[in-house]
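Step one of this worksheet: look at the structure below.
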Amino acid sequence: MLFRSGPSTGTYIVGRVNQHWSDFDKPPIPDQADVAEYQKVIGGYVESMVAMYYESMPKISNPPSPGMAPKFDEVITFHVRYSKGSDFRSAISRIYDAAQKTKWPVNFEWYTLASGGNTGTFVLLLPRNNWADFEDKPDVKPFRDMLKEAFGQSEADSIVDRIDRSVESETTEIIQFHPELSYLPGK
């Protein structure tokens, strides 16, 4: 993946998905061999490297169908105020409930930073198949209208207010998938 916008523009992301912490105890490729191959092939071209570990939040995500890697992802990173994590988690859980209740056709995936940066960091990925997918869709109910349909105006306002009060800041970026640089194991 390559950052196409934001402060990390031009930076590549190397990631592994569907891992469990225990998988790191016995990796399929020993760490020494992995580092040696990295240094041999691309290490000389890399200015710096940062390791971050994110945990998927599948119980409140609505991902695209398996095997359908989008060309882009809109990445919205939420920096949650200290001691407001439970408020934020509660609000995004209710958003998931609303999306399910209304059969909102928008795909999204939530992650939380487990290690490697500021605590209270949550990431929302919105898959986009092409640049045109970044435009609003007239046939898709806007976010606030979807919440209102699911729960009524009062609870919709309460959910948005909980997010507003718990979030210190947020950033948006676009990342692009590069299948030619990716290894996707067969199903």
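Tabulated data
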{"read-out": "Among Asn62, Phe72, Thr102 - extreme Cα towards positive end, dipole of region 29-138, charges at beta-carbon", "value": "Thr102"}
{"read-out": "Answer label, with semi-axes √(5λ) of the Cα gyration tensor in Å calculated from the coordinates and candidates (i) 32, 19, 16; (ii) 22, 19, 17; (iii) 30, 18, 17", "value": "(i)"}
{"read-out": "Pairwise Lys count, the chain - Cα closer than 22 Å, eight or more residues apart or different chains", "value": "14"}
{"read-out": "The chain, accessible area per residue, ligands and nucleic acids excluded (1.4 Å, Å²)", "value": "69 Å²"}
{"read-out": "Carbon/sulfur fraction of accessible area - the chain, other protein chains in place, 1.4 Å, %", "value": "53 percent"}
{"read-out": "Sum of -39500 (n - 2.57) over DSSP H runs of 4+, divided by residues of the chain (222 nm, nearest 500)", "value": "-9000 deg cm²/dmol"}
{"read-out": "Computed magnitude of the charge dipole of the chain (debye, nearest 20; Cβ of K, R +1, Cβ of D, E -1)", "value": "360 debye"}
{"read-out": "Spatial separation of Cα centroids for region 97-119 and region 80-96, in angstrom", "value": "11 Å"}
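The values are calculated or read from the model by the stated rules, or taken from the named source; none is laboratory data. Source: prediction; values computed, not measured. Positions of Cβ are backbone-derived with ideal geometry, glycine not excepted, and every protein chain shown enters the neighbour counts. With ligands, DNA and RNA removed, areas are computed over all heavy atoms of the protein, side chains included. Shrake-Rupley method; radii C 1.70, N 1.55, O 1.52, S 1.80 Å.
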